[in-house]
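Inspection log for the structure reproduced underneath, given as structure tokens.
The values are calculated or read from the model by the stated rules, or taken from the named source; none is laboratory data. Bear in mind that the values here come from a model prediction, so they are computed numbers and not experimental data. Every residue, glycine among them, receives a Cβ derived from its backbone with ideal geometry; neighbour counts consider all protein chains shown.
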Amino acid sequence: MENEKYLKDLTEIRNMMSQSSRFISLSGLSGVFAGIYAIAGALVAAKILSYEPSVYTNSQSYIATTNTDLVTQLVMVAAAVLVLAIGTAIVLTTRKAKMQGKKIWDSTSRRLLLNFFAPLLAGGIFCLVLLQYQIIGLIAPAMLIFYGLALIHASKYTFSDLKSLGYANVILGLIATQFIGYGIVFWALGFGIFHIVYGVWMYNKYDRKAA
């Protein structure tokens, strides 16, 4: 009996230590919304690209287009998706943290953001370099790879499930490098479908239990 009580106490202490070192207020629904925004953005981008078919057909070239107006529109679509995804994540995560009686901004969340945005910032700069040299075909794969690395890097400060999504995006990004000209398809799969599946999984595993 005493041994069982001792093991139970150890388990509770370990759980408390784990929660104190991990940010557990991330909302699964934010992943679902991010995926929806990404798919909508991909559809808009596909419509824009339809005005320049060479972007799709010239799969043997890394230089997809020199149309600066078209590139600007694609960047704006990507930026809109990013802003919507981050904004929704902040709102839903803040609401979940309040329901749990936890702080949204503490040392753990700061470490999470630092470890997430460091690889993401490096990837963003690299994508701008690709854009500078008109190597448009590799931008989508690079985004998936660096985003996946950011998720893997940040997963140690939040749910470990995030690591699986990260590896999936890295692998998808590497595969996409071999299919230049289909970046929008891979982008929609990684940022869209993967996010929705992950978000539903996280919601059923964590959020529904807390509700």
Enumeration of residues in segment 156-181 that are polar (S, T, N, Q) and in contact with a helix residue (DSSP H, G or I) (Cβ under 7 Å, 6 or more places away or on another chain): Thr158, Asn169, Thr177
Could you tell me whether segment 94-110 includes any residue that is crowded, with 17+ Cβ neighbours inside 10 Å and of a type in the set (D, E, K, R)? yes
Having 2 or more residues that are free of Cβ contacts under 8 Å to residues at least 60 places away in the same chain, touching a Pro at 6+ places or on another chain (Cβ under 6 Å) and more than 16 Å from Ala78 (Cα to Cα) is the bar; report the helices (runs of 4 or more DSSP H) wholly within segment 95-211 that clear it. 139-154, 161-176
Go over the candidates Val77, Val32 one by one and state the one that is surrounded by 13 or more Cβ atoms within 10 Å (Cβ to Cβ), at pLDDT 85 or above, in contact with a His (Cβ under 8 Å, 6 or more places away or on another chain) and hydrophobic (A, V, I, L, M, F, W, C). Val32
